[in-house]
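Input: a single structure, listed below in structure tokens.
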Protein chains: 4
Amino acid sequence: MAFELPKFTPPDFTSEKFLSANEIRVAEVKKDGVSPKGFYLTSHIPTYYHYNNRWILPKHNSQNCVAVLQKEDIIIKELNDLVLGDKVVLGKESDGTNGVIVYREGFDEAVISHAGKSVETSFTNDYDYLFDLMRYEKENGGYIVWVLGPSVVFDFDTRIGLSQLAENGYVQALLAGNAMATHDLEGGYLDTALGQNIYTQVSQPMGHYNHLDLLNEVRRAGSIDKFIADGNVKNGFIKTLNKLDIPFVLAGSIRDDGPLPEVYHNVSKGLNAVKEQTDKATLVICLATMLHSVSTAELASSYRIKEDGAIVPVFMYTVDVTENVVNKVAAARENIAVRTLVTNVQDFVVNVQKALLTPVEDLQVESVEVNVNEYCERTNVKKDEKEKELKIKEEK
Amino acid sequence: MAFELPKFTPPDFTSEKFLSANEIRVAEVKKDGVSPKGFYLTSHIPTYYHYNNRWILPKHNSQNCVAVLQKEDIIIKELNDLVLGDKVVLGKESDGTNGVIVYREGFDEAVISHAGKSVETSFTNDYDYLFDLMRYEKENGGYIVWVLGPSVVFDFDTRIGLSQLAENGYVQALLAGNAMATHDLEGGYLDTALGQNIYTQVSQPMGHYNHLDLLNEVRRAGSIDKFIADGNVKNGFIKTLNKLDIPFVLAGSIRDDGPLPEVYHNVSKGLNAVKEQTDKATLVICLATMLHSVSTAELASSYRIKEDGAIVPVFMYTVDVTENVVNKVAAARENIAVRTLVTNVQDFVVNVQKALLTPVEDLQVESVEVNVNEYCERTNVKKDEKEKELKIKEEK
Amino acid sequence: MAFELPKFTPPDFTSEKFLSANEIRVAEVKKDGVSPKGFYLTSHIPTYYHYNNRWILPKHNSQNCVAVLQKEDIIIKELNDLVLGDKVVLGKESDGTNGVIVYREGFDEAVISHAGKSVETSFTNDYDYLFDLMRYEKENGGYIVWVLGPSVVFDFDTRIGLSQLAENGYVQALLAGNAMATHDLEGGYLDTALGQNIYTQVSQPMGHYNHLDLLNEVRRAGSIDKFIADGNVKNGFIKTLNKLDIPFVLAGSIRDDGPLPEVYHNVSKGLNAVKEQTDKATLVICLATMLHSVSTAELASSYRIKEDGAIVPVFMYTVDVTENVVNKVAAARENIAVRTLVTNVQDFVVNVQKALLTPVEDLQVESVEVNVNEYCERTNVKKDEKEKELKIKEEK
Amino acid sequence: MAFELPKFTPPDFTSEKFLSANEIRVAEVKKDGVSPKGFYLTSHIPTYYHYNNRWILPKHNSQNCVAVLQKEDIIIKELNDLVLGDKVVLGKESDGTNGVIVYREGFDEAVISHAGKSVETSFTNDYDYLFDLMRYEKENGGYIVWVLGPSVVFDFDTRIGLSQLAENGYVQALLAGNAMATHDLEGGYLDTALGQNIYTQVSQPMGHYNHLDLLNEVRRAGSIDKFIADGNVKNGFIKTLNKLDIPFVLAGSIRDDGPLPEVYHNVSKGLNAVKEQTDKATLVICLATMLHSVSTAELASSYRIKEDGAIVPVFMYTVDVTENVVNKVAAARENIAVRTLVTNVQDFVVNVQKALLTPVEDLQVESVEVNVNEYCERTNVKKDEKEKELKIKEEK
């Protein structure tokens, strides 16, 4: 049985609730970046707007924004992006009174995550689902956006893992900050992260210069692209993205050293560049960064509308060794289509790499075959794919 | 015995090391924001530069920067702030070979913190020292800079505590982000933080609008100052700062909702505004924000030169409920004059408030007086001030 | 208005649910420590048992136990404590079908805690409520049981704080392990904790011997009581308890050095000694120990029946710097009458000490009086007591 | 090049320090469980005792114990295990003055771990070393002791992973508590952990009974062995150990429900049963339990003496998602031959399983072969074994 994305059941527009609803009211923006009072506040739950006898579901939604009527369409905007004359939807109710209906019932239970999932929990199901999802996205032209903190590139195997995933079609965009890209490039330039050899962790002589030396040399080159083209970078995730023409957005913060030339000093512009990527996203994977993950969780639409009109969730996986971080991301996602994993992101990447890039035939499972098969039959929950893997030796 | 700041012993410039040192070499910046190769990388340890037969200690230092010769002085600059023609000090050695001598011996042991201090540790001494330090700074025209994360203003007592500390002269500047100021203003505007009553924590009807409503209304007013002047804010830390004309700098991030009009969208400009405050700092207190704390720890000078020429440390207290955060800050400070406390910042603020604002006479200690006095005598370590407090009833 | 404990509304035994309920069925224990199959599993929610036309609410309840009919009463027992012939209540349903009715409606909402309360939350209300509760218990012959981990006695001020609270009537029993008592006694014997001076944290020469030396000498004395009587202990919480004849139970674990003579090597016997204390408890305060806190949370009754027949909750406060620990305790309490605080327990103890032992008249609040008074009026939630404190200067 | 254990260089007994050393002094135990005053306190660093002109290295060492002379040998004992007449070594110095010499120089640098290694660190090298070590131990008759907390058996894949590792010769003993065994058996008995399906995590109807039902039924059977023999357990780690006759020790705590019949109620007896296993250990792996890990870290010898007289380290890997836990274990090991990993133990187990049980030929590495080979050549640090794996396709 092939993997399928969860279905979204559109509302019955002939039901009483929809039939009796009013049309939206709007008011015009009188000052750039300021909404009229009484605006409607957006959320990640699919929301329908009633206008000119039609029910409009915006192409993308975001949390903590306002809804703007543009011709016959509804666009979701940050306060900061409002411009004079924008027609902002009004009203706090979401039951149709103001022409707005929040529709929670479209996604089934399985899409709504279990909030507050603690570290002492089984993650096998979450991993298996992710593997299925990633294979599905790869085969169906999906757009997987990775949001990465700096610690993912401190590890030797993780840097290889990320590159392999990119080379095999599992990475379509990267969102990160200055530190992540800097450390990865330092690894490719001088084999170190903050002066320590990236495999042995032995500090190199004068290695504390490596971080700033790298930043200065990329700044001298004028761009990461030029720096790589000049042959300075032996390996790493950024080099792989560069080679494969996969876009990355580096948003700035006041903690940045350097920074790299590509880093957005202006955070509002950075946010817009991020949005350009998240608007294409079919799956978002956030590793080891609270700042970028929560920002993306608020911004990225929780669903997308396929070409055939079908509505599907945009899943977000959030992975961090600190429970509090993944819970914050889940909250910013309003628990829709979000899965949380509390672990070291190095293990996460290596796990994903091995699962997606190792041929099924090569798994060695003789010793426990009966045990596992029995178990799978009983629980009756493992996917066909998984069972195939586990039964493979038996069949031989 | 009055409290005194730790002494710094200047080097013996007639010693062999200094006498035999070369003079600094410099090279000119050929492109804005890019250093010549082979630059000298700055650190928080007091560093002397040999030029024209003089040994120059820069007025401020920072970590991960370069040293620029300006006339007869040395200025520490971020890569990003370098401009065409800047004369950058060269050489990696710090033993005089290049005219640069890093001088670790100036501060005594007690100023170098115990790195890796875990949560299961006695903090009494750190608290007592802070109380002495804050009283000293207040009496001697010090400039105490607070760096605050949003969680400090979620608590009823903490908001009062911070305001009282400001009103009593213990706050000279605030460094924070959009969220901290927004939550504090929401509390003063609508008695809530993210829609929950700030004391009872009961969610208010439609309270999830409060956060964006506040942001929108301040944006409409055009500034926090105007918003407060219009009578919208009943209380809170930002209102107190506004009333007392205490400066605050709000640096932006991609996670910001709104943001408030005063928030720096451009992080480089934000950093410069931060630097303006840290250059005046005599004490820095960082609470519950990794981003702003680590940034400030790198940036703020670890010492200052008093008008009489004496060199004294600029202490940094870093407080967070997560051990990893305070360890990162201590590392960014190179363990110089930094003290770490692992606790909830609410308790920290209330502790400081009670210690500094409760008159000594009012402490009630009868029941254990003998016990404690004995102890103090034996350990012989508590400061006179503290002993006075504890002996007070006995003397009556 | 005086502080009152939350009321419990007994069920309406004339309602249909109770009238139509069956009587309990029981089966006899055939082997010590083993229940008949089909036993009823107990929880912390008040539960009524129907027997001989009466509805019995057991004097104490516990989680994960079985209910045993003894004459006309119901006793809650661990599996391990069952003996041949015990009559165990049967049936899994709790709706009356088996004569058992779980009655959730007795306590009002405020008694059911907000589960999953994160560190970034206001704790003022929880503190204020605790202060009221502790004063109430002290004045009304309550029995406050403290459950302490070792880190509370590493801190100079905390040891004093705990002793003062005991001397002022706020401690009726201590539950702990070998490490907590050992470290406290080491402090009183040699001024150190694990060899470091308890105030300065400076390691003492050969200080690593202190821990085992203390253990060995107490073992030589034969008991903590004898060791103290011999004049070896200058101060500390254990000494204070000893002086005041306040009981303490030290339950053993495989991690124990020594251990002290009073430590229960047999954990089942330790548990019974703990139960003797928790059966008297009117309030339980758990600090910085997952093992003992979760154990006590399961064991200690969530309510007690006063002499006048009124049923009141037994509150549990659980305090730890790790969010996960307090959440586990809340879960073991089934969120009934439990309040969680995520902070360093040193600050918690000092906060409680200052709040309960500082006379109200001595609080210094001039500077923000208007501010705060206004705020209290508006929010209208602070207790009379608190308002009195804050208005005191105004009235003068 | 085959993997080799780090060498230990025995001291030069003809050096001045040894030649001039005194012989040990001893005093007799006058009371069971109490040492004479002035005892020598043991540590994990290899320690030589001078007696009858010989230098004795005890067969095993432990931390926080005393050394007892038995005939011509030195035995390390807990205070609690001392019996009347035992001859305890005296003296605090360890430089030979008292006939005791602590010899730090035997192990080379690489065996002394980097203390305070944070979560943001490369773990690839630690993993690779573990894989080599485990293969070596398997091939050379090693004895790998696993110390497990309950969370390892909450996960579907982890339970399979542990069983496979045992079936393939990588597990020789298990040390754990009641909870770990109970949850694993609940999984094998009813497919749940605390009532939730172990794969889907969906709560089962009346699933909260499963935990106590399992405990009660094993108690009825009288032993885990009998319970399994009766066909009640479909799978799981305990069942695998039972089938393979691999010993496990379950040490009790006051938090135990039930407990299982095999659980030691008496912690001192439990500790002795643990010691029986750790005395055979050639490698110890501690996952997700602070209590048992720290206890084992103190107890288990840090070295062993092979039959040929060679001395080799007994490595300990400690893995936990909380940094503080692994740091505590490293401290209890005095940083000798200990490696810390901060991650979710589920990922750890799955990583180890895949690394050790997947044939080298099956790794798929084409896409990045050049990349990786180049990298390995440059860094020149990866083991031959690893390079072989990565080059394998190239050679074809």
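Each reported figure results from applying straightforward, stated rules to the coordinates on display, with no laboratory input. Since we're looking at a predicted model, the values are computed, not measured. Reconstructed Cβ throughout: ideal geometry from the backbone, glycine too, with neighbour counts over all protein chains shown.
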Quiz item: If you average 1/r over every pair of different alpha-carbon atoms in the protein assembly as shown and take one over that average, what Kirkwood value in Å do you get?
Solution: 35.2
Exercise. Return a whole-number percent for the relative contact order of segment B:144-250, with Cα pairs under 8 Å and 6 or more residues apart as the contact set.
Key: 33
Self-check item: When segment D:52-92 is reduced to its Cα atoms, the Kirkwood hydrodynamic radius in Å
Solution: 10.9
Quiz item: What is the ratio of the Cα radius of gyration of segment C:64-127 to 2.2 N^0.38 Å, where N is its residue count, to two decimals?
Solution: 1.68
Quiz item: Which whole-number percent is the relative contact order of segment B:16-106 (Cα, under 8 Å, 6+ apart)?
Solution: 41
Quiz item: Considering only the protein assembly as shown, what is the antiparallel percent among its DSSP beta bridges, to the nearest 5?
Solution: 55
Practice problem: Any chance you could check the Cα centroid distance between segment D:248-324 and segment D:65-98 for me, in angstrom? | Solution: 22
Quiz prompt | Approximate spin-label separation B:Phe18-D:Leu19, in nm, with each point projected 7 Å along Cα-to-Cβ | solution = 4.8
Self-check item: Over chain C, relative contact order from alpha-carbon pairs under 8 Å, at least 6 apart, %
Solution: 17
Practice problem: Have a look at A:Gly169, A:Gly195, A:Gly309 and tell me which one the Gaussian network model of chain A (Cα, springs below 10 Å) gives the largest fluctuation. | Solution: A:Gly309
Exercise. List the distances, in nm and shortest first, from the label point of C:Ala27 to the matching label points in every other copy, placing each point 7 Å from Cα along the Cα-to-Cβ direction.
Key: 6.1, 6.9, 8.7
Exercise. With a Förster radius of 51 Å, plug the Cβ-Cβ distance of B:Thr358 and D:Lys269 into 1/(1 + (r/R0)^6) and report the FRET value to the nearest 0.05.
Key: 0.45
Exercise. Wrap a convex hull around the Cα atoms of segment B:13-115, take a quarter of its surface area, and give that in square nanometres.
Key: 7.0
Quiz item: Antiparallel as a % of all DSSP beta bridges within chain A, to the nearest 5?
Solution: 55
Quiz item: At q = 0.06 Å⁻¹, what base-10 log of I(q)/I(0) does the Debye formula yield for chain C when every alpha carbon is treated as an equal point scatterer in vacuo?
Solution: -0.28
Quiz prompt | GNM result for chain C, Cα springs below 10 Å: residue of C:Gly236, C:Gly91, C:Gly177 fluctuating most strongly | solution = C:Gly91
Exercise. List the distances, in nm to one decimal, from the label point of A:Lys226 to the label points of the same position in every other copy, shortest first, placing each label point 7 Å from Cα along the Cα-to-Cβ direction.
Key: 4.2, 8.1, 8.4
Practice problem: Between D:Thr97 and B:Glu28, take the C-beta separation as r, use R0 = 56 Å, and let me know the FRET efficiency to the nearest 0.05. | Solution: 0.30
Practice problem: With a point put 7 Å past each Cα toward its Cβ, work out how far C:Ile112 is from A:Leu84 in nm, to one decimal. | Solution: 5.4
Quiz item: Can you list, shortest first and in nm, the gaps between the label point of A:Thr358 and those of its counterparts in the other copies, using a point 7 Å from Cα in the C-beta direction?
Solution: 0.3, 6.0, 6.0
Practice problem: Could I have the simple spin-label model distance between B:Asp73 and D:Lys306, label points 7 Å from Cα toward Cβ, reported in nm to one decimal? | Solution: 6.7
Quiz item: Pick from A:Glu298, A:Glu105, A:Glu323: which residue has the top mean-square fluctuation in a GNM of chain A where Cα pairs under 10 Å get a spring?
Solution: A:Glu105
Quiz item: Cross-link list C:Lys31/C:Lys59; A:Lys138/A:Lys306; A:Lys71/B:Lys226; D:Lys306/D:Lys328: which exceed 24 angstrom alpha carbon to alpha carbon?
Solution: C:Lys31/C:Lys59; A:Lys71/B:Lys226; D:Lys306/D:Lys328
